[in-house]
Amino acid sequence: YMHDEKKLYIILLNYNGWQDTIECLESILKSNYKDYKIIIVDNNSTDNSVEHIISWARGDQEVIYKKNTQLKELSYPPVKKPLNYIVYQYEEALSCDASKEKKNKNALIIIKSGVNGGFAFGNNVGIRYAMTKNDCDSILLLNNDTVINYNTLQNIVDAKTQYGDNALYGGRILYYDKPDTIWYDGGHFNEWLGKSYHIGENRKNDFSSEVRRVNFITFCYILIPKNVLHKIGLIDERYFMYVEDLDYCYKAWKAGVTLYHVCNSLVWHKVGASSGSKTNPFSSYYNYRNSLLFRFKIIDKVKRYTAVCYNLLRMPFLVIKWLMLKPGIAAALLKATRDAIKMYMNEKSVQSKN
């Protein structure tokens with residue numbers, strides 16, 4: 001096919017994180033792989049993110065580096081500005097005027113989602129937009145609080161070329177503030193416990209061009225070919241944040257899609273930048289509610305039973321632990337458990353009516 005027909009649509013979700021987003025954008029623009037289109041979805045930020053990103057595209061806003069970053073060379077010196085961009089409201093983006101985009105072929109697309117509907121919702125806005133395009137070959141979800149290497153995209157696309165379109169692809173993710181330490185090197189999902197693990201966490205980075213099969217990929221960085229999207233659909237928006245990636249990977253895995261981990265496709269992640277650390281009541285609530293909600297969905301009855309029991313048996317110990325450390329989290333866990341059961345029961349009754 002002609003080289004410019006098939007594009008990788010890169011989706012960055014921004015919520016009050018424009019400083020991270022523009023650093024990430026600079027690193028993408030330094031890529032040696034050029035067949036991509038960048039879509040920035042703003043989830044109704046309250047910090048004028050869109051204005052800052054536009055002003056960066058015009059060349060008026062520089063990247064703001066936190067002190068002593070070792071990864072500055074991945075996004076510095078800045079690429080030449082001004083850059084073309086098109087700003088859409090959500091509805092406009094889906095029925096957008098193709099001629100406007102033809103004239104502006106390499107423009108950054110900025111979509112204002114209009115509401116903070118969470119991680120799955122915001123990424124789905126970008127996916128829906130990409131799916132209306134004939135030249136979309138695959139989409140790539142990338143956290144906005146990351147930076148990539150010049151060959152990160154090329155290496156994951158090469159893996160896709162080799163292993164085909166009935167697959168999901170992830171890469172090796174390192175800590176931004178400890179650049180030679182691994183945060184994620186593939187994921188493993190245990191169906192009996194309903195629990196996923198990062199492989200290789202806190203190991204030192206070593207060069208590897210291995211591509212291996214896994215059964216969980218974090219949505220911090222994932223390539224999803226168009227036909228997998230047709231097969232599995234969009235990301236489940238009930239989760240708001242956390243566990244939606246496990247849910248998607250599980251559905252894909254069960255539908256016969258292979259999951260590959262590409263060791264030489266490297267990303268550095270500012271772990272916890274978008275949601276704060278996981279140990280606050282807000283994120284603990286979603287983490288536990290969604291983990292339980294997901295366990296209710298496991299198809300196999302026996303595994304569903306063991307996974308739910310595992311979750312509920314751990315709960316008293318966790319609640320006691322957090323009552324001593326941070327009582328707010330203990331309360332969040334109890335509320336999360338109650339709400340997950342309520343959501344599940346409501347869905348069951350809706351299903352039985354239908």
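The values are calculated or read from the model by the stated rules, or taken from the named source; none is laboratory data. Only a predicted model underlies this, so the values are computations on that prediction, with no experimental measurement involved. With ideal geometry, Cβ positions are generated from the backbone for all residues, glycine too; neighbour counts draw on all protein chains shown. In case anyone asks, the SASA skips ligands and DNA or RNA and just uses the protein heavy atoms, side chains included. Shrake-Rupley method; radii C 1.70, N 1.55, O 1.52, S 1.80 Å.
Those residues that are within 19 Å of Y239 (Cβ to Cβ), part of a helix (DSSP H, G or I), out of contact with any Gly (no Cβ under 6 Å at 6 or more places or on another chain) and hydrophobic (A, V, I, L, M, F, W, C), I need them from region 282-328; list them, please. If you could, list the steps in order and put the result at the bottom.
Within region 282-328, the subset within 19 Å of Y239 (Cβ to Cβ) is 282-299, 304, 307-308, 311.
Among the residues that remain, those that are also part of a helix (DSSP H, G or I) are: 282-297, 304, 307-308, 311.
Subsequent filtering for residues that are out of contact with any Gly (no Cβ under 6 Å at 6 or more places or on another chain) retains 282-294, 296-297, 304, 308, 311.
Within region 282-328, F282, L292, L293, F294, F296, V308 meet the criteria.
Condition (residue is in a loop (DSSP other than H, G, I, E, B) and touching a Gly at 6+ places or on another chain (Cβ under 9 Å)) applied to region 20-34: is it met by at least one residue? Lay out the reasoning, then the answer.
Filtering region 20-34 down to residues in a loop (DSSP other than H, G, I, E, B) leaves 30-34.
Right, trim to touching a Gly at 6+ places or on another chain (Cβ under 9 Å) and you get none.
Looking for residues that are in a loop (DSSP other than H, G, I, E, B) and touching a Gly at 6+ places or on another chain (Cβ under 9 Å), one finds none in region 20-34, hence no.
Is it true that R212 is within 23 Å of K30 (Cα to Cα), of a type in the set (K, R) and touching a residue at least 40 places away in the same chain (Cβ under 8 Å)?
Values: within 23 Å of K30 (Cα to Cα): no; of a type in the set (K, R): yes; touching a residue at least 40 places away in the same chain (Cβ under 8 Å): yes.
Criteria not met by R212.
Consider V147 carefully, then state whether it is assigned to a loop (DSSP other than H, G, I, E, B), of a type in the set (V, I, T) and touching a residue at least 60 places away in the same chain (Cβ under 8 Å).
Considered against the rule, which asks whether it is assigned to a loop (DSSP other than H, G, I, E, B), of a type in the set (V, I, T) and touching a residue at least 60 places away in the same chain (Cβ under 8 Å), V147 comes out as no.
Cβ-Cβ below 7 Å, separation at least six or inter-chain, first residue in region 123-139 and touching a residue at least 60 places away in the same chain (Cβ under 8 Å) and within 15 Å of K105 (Cβ to Cβ), second open to solvent by 10 Å² or more (accessible area, probe 1.4 Å) and part of a strand (DSSP E or B): which pairs?
Hits for this filter: D135/K7; C136/K7.
Scanning for something open to solvent by less than 50 Å² (accessible area, probe 1.4 Å) and in a helix (DSSP H, G or I), does region 78-86 turn up at least one residue?
No: region 78-86 contains no residue that is open to solvent by less than 50 Å² (accessible area, probe 1.4 Å) and in a helix (DSSP H, G or I).
Can you run down the residue pairs with Cβ atoms below 9 Å, 6 or more apart or on separate chains, where the first is in region 166-193 and open to solvent by 10 Å² or more (accessible area, probe 1.4 Å) and the partner is among the small types (G, A, S) and in a loop (DSSP other than H, G, I, E, B)?
Listed by first residue and then by second, the contacts come to N166/G256; Y176/A273; W183/G200.
Among the residues of region 196-225, how many are outside any loop (DSSP other than H, G, I, E, B), of a type outside the set (A, V, I, L, M, F, W, C) and surrounded by 18 or more Cβ atoms within 10 Å (Cβ to Cβ)? Outline the logic, then answer.
Start the filter on region 196-225 by keeping residues that are outside any loop (DSSP other than H, G, I, E, B), which leaves 196-198, 204, 211-214, 216, 221-225.
Checking which are of a type outside the set (A, V, I, L, M, F, W, C) leaves us with 196-198, 204, 212-213, 221, 225.
From what is left, the residues that are surrounded by 18 or more Cβ atoms within 10 Å (Cβ to Cβ) are 196, 221, 225.
The total comes to 3.
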